[in-house]
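A.B. asks: Before anything else, here's the structure in question.
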Amino acid sequence: MAERMLQFVRLPQQTPDKRAVPERRADFDEIYEDFDTPRATAQASRCSQCGVPFCQVHCPLSNNIPDWLKLTAEGRLEEAYEVSSATNNMPEICGRICPQDRLCEGNCVIEKGFESVTIGAVERYITDTAFEKGWVKPVKPRQERAESVAIIGAGPAGLAAAEMLRRQGYQVHVYDRYDRVGGLLIYGIPGFKLEKEIVIRRWKLLEEGGVVFHLGADIGGAVSFAELRAGHDAVLIATGVYKPRDIGGIGANLEGVVPALDYLTVSNRQNLGDAVPLFDSGALNAQGKHVVVIGGGDTAMDCVRTAVRQGAASVKCLYRRDKANMPGSMREVKNAEEEGVEFVWLAAPEAFLGDTHVTAVRAARMHLGLPDASGRQSVEPIAGGHFTLQADLVIKALGFDPEDLPQAFGEADLTVTRWGTLKVDNRTFMTGLPGVFAAGDIVRGASLVVWAIKDGRDAASQIHAFLQQNATVSVAAE
Ligand code: FAD
Ligand code: SF4
Ligand code: SF4
């Protein structure tokens with residue numbers, strides 16, 4: 001091992017090449033090129049095979065990173081894929097969109113002065129290769145079980161749970177109000193971070209494995225929750241969080257001031273080839289417009305970069321703190337800057353100007369004050385520091401809250417936390433309703449894909465335990 005691994009002292013870090021800026025500004029394809037085999041092998045060999053691998057500790061799925069890096073360095077890719085897929089239902093997706101700088105790679109302990117191992121890119125390479133070689137197979141349960149489980153929500157939490165339950169042989173039915181599978185993977189996250197074929201490939205694989213999808217099924221709307229629950233032995237709620245945090249003030253209701261997810265969903269649909277009147281009419285299309293995006297998270301980064309690709313006349317991102325205090329991934333901020341987005345730091349909107357349609361944003365200059373109770377520096381306006389930015393389209397990307405599910409589902413016993421997320425027992429993932437479980441953003445609040453996968457897997461194992469226990473109780477009662 002010693003000669004093959006520990007190559008970080010000799011080999012510099014190499015991330016996958018990025019496509020040239022003019023080329024990537026013109027389409028919605030992924031910006032990173034694939035790793036080729038020599039580069040993936042060489043980069044994997046930089047790992048020093050730590051006895052206590054901090055990369056693994058800081059991966060929400062506790063992926064066995066050192067083992068699959070070593071297998072990749074040795075060219076044993078099929079085994080690397082087996083190890084990688086044992087703990088992750090979508091390694092090729094996490095490899096692309098996990099904020100690795102804050103998770104595995106950010107905690108890689110290669111000595112100071114050497115850059116971390118490129119864990120995400122190797123993870124992506126392993127599973128992309130596995131798909132190419134035909135090693136990725138649909139689920140084949142060893143035995144079929146009669147019990148059925150309903151999963152509400154076909155996002156990463158619901159899909160991970162569906163796969164794990166199907167492996168156990170349950171009859172798994174996934175219900176989603178959308179017409180496609182993937183949740184935010186399909187309609188939130190843009191193609192330049194995650195191409196849609198990658199999500200659709202997982203959808204088709206689950207279908208081939210026997211998971212039944214019921215699309216266009218709005219639970220709590222056309223189909224009542226009680227009806228759904230009565231038809232299944234257990235239910236998992238994995239509905240995500242979709243209520244946009246709003247911004248009030250003068251002109252907030254003007255035409256052209258729009259929520260981020262409406263804008264991104266329309267763009268994703270348009271790229272998927274759907275007829276989208278709101279895009280064609282120009283209402284949710286940045287072409288030729290001066291665009292101002294408000295917010296500093298990953299959703300704001302996705303909006304600015306989408307606007308660039310739609311041919312906006314100018315794209316500015318207004319954020320009330322500075323770059324160092326931005327919640328968005330630094331990798332995405334850098335990509336946005338390269339693509340021509342202008343960041344206006346320490347600035348907050350005060351009013352949206354215009355008669356019926358927005359024409360400008362009036363903003364206040366801010367400065368960072370003393371830390372508050374949470375330890376984060378407060379933000380205060382600078383007296384007299386006002387300025388105006390021209391804007392035909394203003395996109396609000398201020399985060400998301402949960403919808404009122406107890407009301408929508410007509411279930412008062414579905415209790416919520418003070419943030420409106422569903423309350424579950426931490427160990428069992430069960431809500432206040434027996435046999436009803438919950439996972440993903442609807443429990444955690446807006447989070448990450450990798451956490452949704454982890455929660456979906458854990459909830460599935462708790463559902464399995466619950467159904468087994470119930471089966472034992474009914475046999476004993478007979
Ligand atoms: P979702 O993915 O939201 O899926 C929930 C599903 O439930 C949806 O399909 C919805 O249609 C369905 N649903 C909701 N209510 C009902 C109902 N009543 N009946 C039927 N179906 C219903 N995370 C990362 O790790 N990396 C990123 O780069 C990243 N970028 C992001 C960019 C954007 C713009 C956004 C908004 C989020 C991003 N995230 C990112 C966060 C990540 O997408 C979420 O944390 C993750 O998708 C949550 O998974 P989930 O399964 O809990 O919910
Ligand atoms: Fe890193 Fe995410 Fe992969 Fe874990 S799942 S190893 S955090 S990229
Ligand atoms: Fe390898 Fe870095 Fe993980 Fe150590 S922390 S095992 S060097 S990837």
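A.B. asks: If exposed trypsin sites (Lys or Arg not before Pro) are those in a DSSP loop with at most 10 other Cβ within 10 Å, what is the longest stretch of the chain that has none?
C.D. replies: Values: sites that count: Arg10, Lys112, Arg142, Arg418, Arg427.
Looking at the chain, 143-417 is the longest stretch - no exposed trypsin sites (Lys or Arg not before Pro) with at most 10 other Cβ atoms within 10 Å.
A.B. asks: Cα extents of the chain along the three principal axes, largest first, in whole Å?
C.D. replies: Per principal axis, max minus min of the Cα coordinates gives 76, 62, 48 Å.
A.B. asks: Post the alpha-carbon centroid distance, segment 172-216 to segment 350-370, in whole angstrom.
C.D. replies: Using only Cα atoms, the two centres lie 38 Å from each other.
A.B. asks: Another question, then. So what's the projected area for segment 7-133, the Cα convex hull averaged over all directions, in nm²?
C.D. replies: Mean projected area for segment 7-133: 8.0 nm², to one decimal.
A.B. asks: Here is a follow-up. Greater than 25 Å separation of Cα atoms is the criterion. Which listed pairs, Lys193/Lys423; Lys334/Lys454; Lys334/Lys396; Lys18/Lys323; Lys70/Lys204; Lys243/Lys454, meet it?
C.D. replies: Lys193/Lys423; Lys334/Lys454; Lys70/Lys204, as the Cα separations exceed 25 Å there.
A.B. asks: Please compute the length gained on full extension between Arg142 and Lys204, using 0.36 nm multiplied by the number of residues separating them and subtracting their Cα-Cα distance.
C.D. replies: 20.3 nm
A.B. asks: Counting other Cβ atoms within 10 Å of each Cβ, which GluC sites (Glu not before Pro) in segment 1-101 have at most 16 and sit in a DSSP loop?
C.D. replies: Glu3, Glu33, Glu74
A.B. asks: When a/c reaches 1.5 or more, the comparison of a/b and b/c decides; with that in mind, is segment 95-149 rounded, prolate or oblate per its Cα gyration tensor?
C.D. replies: Here segment 95-149 falls in the prolate category.
A.B. asks: Using a/c under 1.5 as the rounded threshold, could you call segment 39-93 rounded, prolate or oblate? The axes a ≥ b ≥ c are square roots of the C-alpha gyration tensor eigenvalues, and prolate needs a/b larger than b/c, oblate otherwise. The partial results should precede the final answer.
C.D. replies: Numbers: a/c = 1.85, a/b = 1.10, b/c = 1.68.
It comes out oblate by the Cα gyration axes.
A.B. asks: With the Cα gyration tensor of segment 1-67 giving a ≥ b ≥ c as the square roots of its eigenvalues, does the rule (a/c under 1.5 for rounded; else a/b larger than b/c for prolate; else oblate) give rounded, prolate or oblate?
C.D. replies: Oblate, since a/c reaches 1.5 and b/c is not below a/b.
A.B. asks: Once R0 is set to 22 Å, what does the formula 1/(1 + (r/R0)^6) return for the Cβ-Cβ distance between Ile382 and Arg362, expressed as a FRET efficiency to the nearest 0.05?
C.D. replies: 0.95
A.B. asks: Turning to a different aspect of this structure: Output ³J(HN,Hα) for segment 431-446: one whole-Hz value per residue in order, computed from phi by the Karplus curve 6.51 cos²θ - 1.76 cosθ + 1.60 with θ = phi - 60°, and x for Gly and Pro.
C.D. replies: 7, x, 9, x, x, 10, 10, 8, 7, x, 4, 5, 9, 8, x, 3
A.B. asks: Based on the alpha carbons, how large is the Rg to Rh ratio for segment 136-265 when Rh follows Kirkwood?
C.D. replies: Rounded to two decimals, Rg/Rh equals 1.06.
A.B. asks: Now for a different question. Tell me, what is the 1.4 Å probe accessible area of Asp425, in Å² to the nearest 10?
C.D. replies: It works out to around 50 Å².
The values are calculated or read from the model by the stated rules, or taken from the named source; none is laboratory data. Here the structure is a predicted model, which is why all the values come from computation and not from measurement. Cβ: placed from backbone, ideal geometry, glycine included. Neighbour counts: every protein chain shown. To get the accessible areas, we keep the full protein, side chains included, count just its heavy atoms, and leave off ligands, DNA and RNA. Shrake-Rupley method; radii C 1.70, N 1.55, O 1.52, S 1.80 Å.
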